[in-house]
Every structure is written in structure tokens, then in C-alpha cells.
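Note sheet for the following structure.
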2 protein chains.
Amino acid sequence: MSKAVILLSGGLDSTTVLSIAKSKGFECYALSFDYGQKQLSELISAKIIAENFGVTEHRIMRVCLDDIGGSALTDPTLEVPKFNQNNEIPITYVPARNTIFLSFALAWAEVLDAQSIFIGVNALDYSGYPDCRPEYIKAYETMANLATKQSVEGKKIQIHTPLINLTKAEIIKQGLTLGVDYSITTTCYQANDRGEACGICDACVLRRQGFEKAGVSDPTHYQ
Amino acid sequence: MSKAVILLSGGLDSTTVLSIAKSKGFECYALSFDYGQKQLSELISAKIIAENFGVTEHRIMRVCLDDIGGSALTDPTLEVPKFNQNNEIPITYVPARNTIFLSFALAWAEVLDAQSIFIGVNALDYSGYPDCRPEYIKAYETMANLATKQSVEGKKIQIHTPLINLTKAEIIKQGLTLGVDYSITTTCYQANDRGEACGICDACVLRRQGFEKAGVSDPTHYQ
């Protein structure tokens, strides 16, 4: 059984990714981050999801992105905006977040002697974050294969992005066939302590539209 | 004045890099890490060095590389080996360390609106760590220029590695001409609480040989 590190936020996408990695037969090590995000209910979701899927280990690492700031997800003085379909990158973008998360995954993968990292980036129904695009992931993988002792020893690391070219509706359909219970996932940027979603942020609207387009009822708990 | 983030461990190389960045006229933001390294005296050095050079800001960030393990620098059960000139990567290698450090620097640079990151990697008198080689740095820079909102806006980030092709003796000579006081730097992998060096680890021996080859007296405080 090959080992894989799965970046698990506790949201819809990363939970689907975990279900895909399991279905492909990987031994899964889930990695979540307490990075100073305003809402911590996604981490409670991540814990439940990791248990439900029987991962070998689930780690929640603290990284101080709130000290760095620059995002409405970590800075209490910046409000999370309502859904907006313009082409600008919204202030919910967190500087270098996926680069930092993938780098911790890379370190853990090396210690585990794993050659696979799974991340739920998506470049269709998304907020335009640069670190979700295929060209970024490709460049990260190239760098990762020069970065480690593993890579010098000829063990190639692969960044798996099974959702990258799927619509939100396709992601949901795939997850449902793999038995994902989306009612326990937390996608909202500003969910309350009970994990209830605001229904108006980018993440909420993209998720709700996904359920509508997939033709299945939306199990999200709204405020 | 252009801003730059300088990765500052408190050792000989990164201190020289800081002196070079200052001499080039950059406004310097120094970034150090409490990453679970066994010896913390290098962070005390970093603090003094940052003050001496009058950096605009010095941050010491906590990152839990000790939780990830896999290195004699962070794992109390692994002994730091004596200097060894074989071609193997020693167990003082820390999985994905430079990738993680550069990624935090990238995030901070973006928030500061800085387009320069300085790192004191060196691929001549070094321990063979993969994440010190030119091809790794080049790949990191390519990735970084796809990762951020800054990059999408056409602001190119540059990873400066002014020491990469210098011998340790050349690094020391350059630092001395720029006024570096090497007596306050801590290079040793297992310095004691007073910052005194063991004299026998890779880092100590490469440093001592550097002073010898440079023909200057070694100001290091040994145990």
C-alpha cells in the first residue's frame, strides 16, 4: 500500500480528495492547519472526516499565517466579502498559503517515505487564487523534486490534483459515489462555532451552486 | 529603497548575506525560525545581528519541524555526527527546511510588497543538502513567480543567493570588508547555551577551515 499525505481543510473539495485517495488504495496521512483562520469549525470537521475515513494519522499543525496577515481569512480588521463574480483575486486570498501547506506536506512525506501528496485545488469553480492553477502545481512539483534527500535518491514525489479540471457539480457527484457525507464538511469562510455557513461568501455560493447543478439537495447547515 | 526579506539563522553565511543586502541598499526585513532546533543560541545571535545591522523589522517565527522530525538537528534521539567528508547527505539534513523557510519569506514579502528574498545557501563548502543547490533555487523562483497575487500582477520575485558559488573563505573575506563581526555569529549545530561551538560538527569544521583558508584568526568561541 503506497502512502500519501492528504491536505485536508475540512471542506468539500479536500474531503472529496481524501475519498478519492482512499478509493485508489493509498494509505492516507491527513494534514490540516490551524493557520489563524477566523473560523476553526473547519478543523472540527477535518477531525471528524479523518476519523470517518480511517486515516492512518491526522495531524493539525499550527502555522502563524495570522502573524503575516494580508488576508480577510486571518485579519480580524478585514471583512470577508460577499460573493463577487468579477475577475479580481479577492481579499480572501492568503499570501503563499498553498506553497506553505504543500511544503509542510513535502517534509512530512519525506519522513514517512511517501511519494504522493494530494491537494484539492480546482481551477474552474474557484476564486481565482493563483496557487490553485495547473501551471503553479506543475512548477511546485518540479521544485519539490529538487528539494529533498528523497529526490536525490531518485524517488519522485507526485502532487496529485484530482479535482483541478472538474466543476463543483462534478466534484460533488464524484464524492457522492465514493460515500462522502457533505453534511459534515465546512466550506464557509466565516462559519460560526456550530459550523453553520453564512451562505453569502464566495466559498458558500460556489458550493451551493455546485449542489444545484449536480441536482442533489444541499446538506449544508446555514446560519 | 527596495525592500528585501533576509533569511537570518544567526550563522556565518546568513549574516554575511544580510551585510551584502544592506550594502546593496535594500531596506532589510530579517526572518528567523524557531523550528525546534536543539540549540537556540543561534536565535540569540540572530537577534543581536539584526539589531546591529539596523534592520527595519526582525521576526522570529515558530514552525514545528520538530513535530515532523527526521533530522539530528531536531530529534533528541539522533546524535549530531562529527565532520565527515563522504558524499552522503548527513542526518543533519532537515526535510524540506529551505522550502518551508522560503515559503514563509514569500508570504511575508508579498504582504510587505517586497520583490526580493535573500538566502545564504552555498553549494561549495557545504554538507550536500539538496535544497542548497542552484537548480533547486532556480526551480523555487519559477514556482514562486506563479504562486502569488503579486506574480499575477506582474511583480517578479527574485531569490538572491549571493554566496552560492563562493568558498567559505571567500564568504568570510567579503563579510569582513562589509564590517561583519563573526564573533557574534553562531554556526555550530550543537552550540551550548552560551553560544559556544562544539568544534567537531560539519558546520564547525567548514567554518574553521574557512577562517584558516582566508588567513584570518577564528573569532569563534569554542567549548
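Structure summary
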item: With Cα atoms, 0 to 90° folded angle of helix A:134-147 axis to chain A main axis; result: 30
item: Nm distances between copies for residue A:91, ranked from closest, using label points 7 Å along Cα→Cβ; result: 5.0
item: Cross-link reach list, aspartates and glutamates versus residue A:168, counting only Cα pairs under 16 Å and skipping chain neighbours closer than eight places; result: A:13, A:125, A:181, A:202, A:212, A:218
item: Neighbouring partner chain Cβ atoms per residue of B:151-159, average, 10 Å criterion; result: 1
item: Percentage relative contact order, chain A, counting C-alpha pairs under 8 Å, at least six apart; result: 25
item: Rounded FRET efficiency, nearest 0.05, which uses the C-beta distance separating residue B:79 from residue A:156 and R0 of 35 Å; result: 0.70
item: Calculated FRET efficiency for the pair residue A:124/residue A:223, C-beta based, R₀ 35 Å, to 0.05; result: 0.80
item: Karplus-derived HN-Hα couplings along the range A:59-74 (A = 6.51, B = -1.76, C = 1.60, θ = phi - 60°), whole Hz, x at Gly and Pro; result: 10, 10, 9, 8, 10, 8, 6, 5, 5, 7, x, x, 8, 5, 7, 10
item: Distance (nanometres) between label positions extended 7 Å along Cα→Cβ at residue B:196 and residue A:52; result: 5.9
item: Burial order of peptide ranges B:99-108, B:131-140 (average beta-carbon count within 10 Å, highest first); result: B:99-108, B:131-140
item: Whichever lysines have a C-alpha closer than 28 Å to that of residue B:156, once near sequence neighbours (fewer than 8 apart) are set aside; result: A:138, B:3, B:22, B:24, B:138
item: For residue B:160, residues with placed amide H under 5 Å, excluding near neighbours; result: B:117, B:118, B:119
item: Shortest-first nm distances, residue A:154 label point to equivalent points in other copies (7 Å, Cα→Cβ); result: 4.7
item: Rounded tilt (10° steps) of B:202-214 against the dominant C-alpha axis of chain B; result: 90
item: Surrounding net charge for residue A:187, when Lys and Arg each add one and Asp and Glu each subtract one, Cβ distance under 12 Å; result: -3
item: Antiparallel content of DSSP bridges confined to the protein assembly as shown, in %, to 5; result: 5
item: CD proxy at 222 nm, helix term only [per DSSP H run n ≥ 4: -39500 (n - 2.57); per residue of the protein assembly as shown; nearest 500]; result: -11500 deg cm²/dmol
item: P(r) weight above 44 Å for the protein assembly as shown, C-alpha pairs, percent; result: 14
item: Model label zone, residue A:177; criterion: amide N under 16 Å from point 7 Å along Cα-to-beta-carbon; scope the range A:1-28; result: A:16-25
item: GNM result for chain B, Cα springs below 10 Å: residue of B:76, B:130, B:90 fluctuating most strongly; result: B:76
item: Virtual spin-label span in nm between residue A:113 and residue A:23, 7 Å along Cα→Cβ; result: 3.0
item: Between the range B:97-174 and the range A:34-100, the Cα center-to-center distance that results, in Å; result: 26
item: Within a Gaussian network of chain A (alpha carbon springs, distance under 10 Å), most fluctuating of A:77, A:167, A:187; result: A:77
item: For residue A:221, net neighbour charge (Lys/Arg +1, Asp/Glu -1) across residues whose Cβ lies under 14 Å away; result: -2
item: Between 0 and 90°, nearest 10: helix A:12-23 axis offset from chain A longest Cα axis; result: 40
item: Radius of gyration and Dmax over the Cα atoms of chain A, both given in Å; result: 16.6, 51
item: Ranked packing of B:55-65, A:142-152, most packed first, by mean Cβ within 10 Å; result: A:142-152, B:55-65
item: Copies compared at residue A:24 - label distances in nm, ascending, label defined 7 Å from Cα in the Cβ direction; result: 4.0
item: Per-residue average of Cβ from other chains inside 10 Å of A:90-100; result: 6
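A short reminder: the numbers here are calculations on the coordinates, not readings from a lab. No experiment lies behind these values; they were computed from the predicted model shown. Positions of Cβ are backbone-derived with ideal geometry, glycine not excepted, and every protein chain shown enters the neighbour counts.
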